[in-house]
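Structure first, commentary second.
The values are calculated or read from the model by the stated rules, or taken from the named source; none is laboratory data. Everything numeric here is computed off the predicted structure, so don't read it as measured data. Here Cβ is always computed from backbone atoms with ideal geometry, including for glycine, and neighbour counts include all displayed protein chains.
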Amino acid sequence: MKRKSFAVIGAGRFGYNLALALAEMGHDVLVVDNDEQKVQELSEKVTHAVQADSTNEQTLKSLGITNFDAVVIGIGVDLQASILTALIVKELGAKYILAKARTALHGKLLEKIGVDQIVFPERDMGLRIARHLADMNVLDYINFSPDHSVTEIIAPKRMIGKSLREMDLRARYGVNVIAIRSGEKINISPLADDIINKDDLLIVIGHNKSIDKLIKE
């Protein structure tokens with residue numbers, strides 16, 4: 001895995017845990033937050049941790065924010081700080097910006113600024129848990145876009161022993177099987193004649209309504 005560099009602005013629960021995860025994966029991570037205690041906690045766990053005001057353009061410029069592979073804006077509570085930080089980072093010319101949003105309006109404002117990817121951690125986690133609780137066959141769920149998702153499900157009994165061609169999931173449900181996991185083996189881009197076996201995990205992509213139809217039938 002290629003070593004990358006990330007700047008995480010805002011060390012709340014989202015930013016803090018994201019920074020730790022990236023650092024543990026071996027990447028260079030700079031954390032910027034105005035809370036001295038959080039900065040101290042992270043100083044020995046990430047590459048650099050700096051106490052600073054992210055709404056100060058000169059501060060972000062001096063930190064070389066444009067040199068990072070991606071900038072993550074994890075500010076969620078202070079809407080004004082989140083928007084202003086995103087605007088400054090965008091104007092400075094950051095390569096890639098991912099920002100956390102708390103509400104739909106917050107997300108729309110970030111989108112208009114030109115943020116490359118907007119995430120709603122609380123909403124997305126809620127959806128993942130809800131799907132798992134509603135149907136225990138759903139092991140994981142990733143919100144790919146507002147209307148489309150990638151979902152990992154245990155192959156239903158009605159599919160066992162049949163080929164993808166026989167099931168014709170694209171025609172019947174409007175979803176595509178992009179991979180099949182059998183134990184430790186993963187079949188990427190399975191062929192039409194590949195057979196679905198007991199305990200196989202199907203990784204499917206499609207419109208949320210189509211995936212729901214596949215799961216519930």
| Subset of the range 195-217 (residues that are touching a helix residue (DSSP H, G or I) at 6+ places or on another chain (Cβ under 6 Å) and more than 16 Å from Ile154 (Cα to Cα)) | Ser210
| field | Criterion (exposed (fewer than 12 other Cβ atoms within 10 Å of the Cβ) and either in a helix (DSSP H, G or I) or within 21 Å of the chain's Cα centre (by Cα) (or both)) met by exactly one of Ala171, Ala179 | value | Ala171
| remark: Wholly inside the range 1-75, strands (runs of 3 or more DSSP E) that include 1 or more residues that are in the same structural domain as Lys90 (by TED's automatic domain parsing) and of a type in the set (D, E, K, R) are 28-33
| Taking Gly114 and the conditions (1) at negative phi; (2) touching a Lys or Arg at 6+ places or on another chain (Cβ under 8 Å), which numbered condition does it fall short on, given that it satisfies the others? | (1)
| task | Can you tell me which residue among Ile153, Ile160 is among the hydrophobic types (A, V, I, L, M, F, W, C) and surrounded by fewer than 16 Cβ atoms within 10 Å (Cβ to Cβ)? | result | Ile160
| query | What single numbered condition from (1) polar (S, T, N, Q); (2) at pLDDT 80 or above; (3) part of a loop (DSSP other than H, G, I, E, B) fails to hold for Ser145? | reply | (2)
